[in-house]
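The values are calculated or read from the model by the stated rules, or taken from the named source; none is laboratory data. Just so we're clear, the structure is a prediction, and the values are computed from it rather than from any experiment. We place every Cβ from the backbone using ideal geometry, glycine too, and count neighbours over all the protein chains shown.
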Amino acid sequence: MKWQGRQGSDNVEDRRGMGTTGRVAIGGGIGTVLIALVVLLLGGDPSALLNESESGTGTTEYQPTAKEEQLAQFVSVVLKDTETIWGKIFRESGHTYRQPKLVLFSGQVSSACGYATAASGPFYCPGDEKVYIDLEFFANLQQRLGAQGDFAIAYVIAHEIGHHVQNLLGILDQVNSQRARLSETQANQLLVRLELQADFLSGVWAHYADRMLNTLETGDAQEAMNAAASAGDDVLQKKYQGRVYPDSFTHGTAAQRKAWFTKGFQTGDLNQGDTFNANI
């Protein structure tokens, strides 16, 4: 991806090296159905987000490496691109795009959705309209899942911004309301459709990043598709549990995730992203 020397976003909140003290409460009145709204890219442990335990780490001195600082700059540029593209898409449809904040943290963080650790993976919190990312996650993405390339990282960010778009469009609220009336298996199936739509929206972003900003390089789209596939529920369950449990899927299979990203990337047409009524 062509990113060096380009403008970054003003909406990055750097909390690396900052701990939390005191009891952290779940915000926004979302309660136990928060999991429907706080969507984690790789299916990290959702209970980490609901943890209200005491934390007494306080603030510590943090010294990022040069490589990490470069990664932080890259994330900022990608965020800026999402602001430019979604801002244009919303304006053309007669709406206003509220730019989310992106919080960089290390180890642990407090959000309006509760307390989270790096083990949770990147997540979006609708309560404060912020995306939370521990940059160490991207090293794991490459080393453990084999999702190589800078555009694999851009895909992760675009996926979480996709959840912000869903929030602005009222989709997250609708999903939350429906999940409260469903069985666990049915609720999981609804979450799969939510996640696949976020994959589609990340593909839409990539479509316009290529055609409007001309920032994609050869192989970038494939890097994103590889990252989407590597995060499929079937792939992760087989890798870490040795078996696949379809009823517990919350993000979709590798084939589904790759297909919906590809559809968004190839069409750039929001009207084709209704995963809730599609035969997935």
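Within segment 198-220, residues that are touching a residue at least 60 places away in the same chain (Cβ under 8 Å) and charged (D, E, K, R) reach partners that are surrounded by 15 or more Cβ atoms within 10 Å (Cβ to Cβ) and in a helix (DSSP H, G or I) with beta carbons closer than 7 Å, at six or more positions or on different chains, in the pairs Asp199/His159; Asp199/Ala228; Asp199/Arg257; Asp199/Trp260; Asp199/Phe261; Asp220/Phe151.
When Glu92, Glu61 are checked against the criterion of being out of contact with any Pro (no Cβ under 9 Å at 6 or more places or on another chain) and at pLDDT below 95, Glu61 stands alone in meeting it. Those strands (runs of 3 or more DSSP E) of segment 72-127 in which 2 or more residues are within 22 Å of Asp150 (Cβ to Cβ) occupy 101-105, 123-125. Quick check on Lys258: is it at pLDDT 95 or above, charged (D, E, K, R) and out of contact with any strand residue (DSSP E or B) (no Cβ under 7 Å at 6 or more places or on another chain)? Considered against the rule, which asks whether it is at pLDDT 95 or above, charged (D, E, K, R) and out of contact with any strand residue (DSSP E or B) (no Cβ under 7 Å at 6 or more places or on another chain), Lys258 comes out as yes. A Cβ distance below 7 Å, combined with a sequence gap of six or more or placement on separate chains, defines the contacts here; from segment 1-17, residues that are within 13 Å of Gln73 (Cβ to Cβ) reach residues that are hydroxyl-bearing (Ser, Thr, Tyr) and surrounded by 12 or more Cβ atoms within 10 Å (Cβ to Cβ) in the pairs Met1/Thr215; Trp3/Thr215; Gly8/Ser76; Ser9/Ser76; Val12/Ser76. All of (1) modelled with pLDDT under 95; (2) closer than 24 Å to Gln197 by Cβ; (3) assigned to a helix (DSSP H, G or I) hold for Asn140 with one exception: (2). Which residue, of Ala224, Ala206, Ala229, is at pLDDT below 95 and under 15 Å from the mean Cα position of the chain (by Cα)? Unique residue meeting the criteria: Ala229. Taken together, the residues in segment 151-198 that are more than 14 Å from Val131 (Cα to Cα) and touching a His at 6+ places or on another chain (Cβ under 6 Å) amount to 1. Among residues that are touching a Lys or Arg at 6+ places or on another chain (Cβ under 6 Å) and among the hydroxyl-bearing types (Ser, Thr, Tyr), Thr185 is not included. Looking at the structure I just gave you, is Phe138 touching a residue at least 24 places away in the same chain (Cβ under 8 Å) and touching a strand residue (DSSP E or B) at 6+ places or on another chain (Cβ under 8 Å)? Spelling it out, it is not the case that Phe138 is touching a residue at least 24 places away in the same chain (Cβ under 8 Å) and touching a strand residue (DSSP E or B) at 6+ places or on another chain (Cβ under 8 Å). If you go through segment 116-129 and keep only what is buried (at least 22 other Cβ atoms within 10 Å of the Cβ) and touching a Ser or Thr at 6+ places or on another chain (Cβ under 7 Å), you end up with just Cys125.
Cβ-Cβ contacts under 9 Å between residues 6 or more apart (or on different chains), taken from a first residue in segment 143-161 that is under 20 Å from Val235 (Cα atoms) and assigned to a helix (DSSP H, G or I) to a second residue that is of a type in the set (Ser, Thr, Tyr) and modelled with pLDDT under 95, are listed as Ala152/Ser230.
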